[in-house]
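The values are calculated or read from the model by the stated rules, or taken from the named source; none is laboratory data. Keep in mind that what you see is a predicted model, and the values were worked out from it rather than measured. Cβ placement follows ideal geometry from the backbone for every residue including glycine, while neighbour counts extend to all protein chains displayed. For the accessible areas, the whole protein counts, side chains as well, though only heavy atoms, and no ligand, DNA or RNA atoms are used. Shrake-Rupley method; radii C 1.70, N 1.55, O 1.52, S 1.80 Å.
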Amino acid sequence: MNRIARTVLTALLAGPFTLPVHAAPGWSVRAGSTLGFTATWEGSGFDGVFHRFTADIVFSPEDLAGSRFEVEVDVTSADTQSSDRDEALGEPDWCDYPNFPRATFRTTGFRALEAGGFEASGTLDIKGHSKAITIPIRWQQQGATARLQGETVLKRTDFGVGEGDWATGDTIGLDVQVRFGQAFTHGAHFLPN
């Protein structure tokens, strides 16, 4: 191979076709991952969980620009350990299950924090209302396994949840704490249900 051919080949190999050394990998959500929330009724807290959600997770602390989260939650799977409360959540003033059975969160970027951890910025869509939010997260990785944890507080009326007489927050508080703990292995991006 002459010198010109070697130069062209070297340029091609070093060009845009070369992947970053720490390109963000895809992760598969393992069983036992949780997505829960805490709300208040007349000043007393109650907890709930979503039993069904999927997550497309591509993440690496060394490649935040190439990382992304795409999470879809089946809001009809909400469970607050009260059949009356769970039934009410599906009504039009609340989550309106027939028209809005899914909520989604898609990231637009990540930022490393000086104290450790990261911030995930993105768009949350609930009941047809979209809002830009930022969630502090913690990522712990060991080899081919990892764990993601985080929590944030949402104002339910920003998303049209609890309308009409329920919009004041007098009976059911306006703030809802959302928390998640997810375990991963390298692989496809789906949480089996």
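Out of segment 128-169, which residues are at positive phi and surrounded by fewer than 18 Cβ atoms within 10 Å (Cβ to Cβ)?
The answer is G128, G143, G164, G169.
Looking at D170, is it over 19 Å from the mean Cα position of the chain (by Cα) and more than 29 Å from F184 (Cβ to Cβ)?
The answer is yes for D170.
Scan segment 62-92 for residues that are surrounded by fewer than 16 Cβ atoms within 10 Å (Cβ to Cβ) and assigned to a strand (DSSP E or B) and jot them down.
Residues satisfying the conditions are E70, D79.
Can you work out which of the residues in segment 96-120 that are more than 15 Å from A55 (Cβ to Cβ) and assigned to a strand (DSSP E or B) is most open to solvent (accessible area, probe 1.4 Å)?
R111
Restricting to segment 39-53, name every residue that is in contact (Cβ under 8 Å) with a residue 40 or more places away in the chain and surrounded by 17 or more Cβ atoms within 10 Å (Cβ to Cβ).
A39, F53 - these are the residues of segment 39-53 that are in contact (Cβ under 8 Å) with a residue 40 or more places away in the chain and surrounded by 17 or more Cβ atoms within 10 Å (Cβ to Cβ).
For the condition without any contact (Cβ under 8 Å) to a residue 60 or more places away in the chain and either over 21 Å from T34 (Cα atoms) or aromatic (F, W, Y) (or both), what is the one hit in D74, D79, D63?
The match here is D63.
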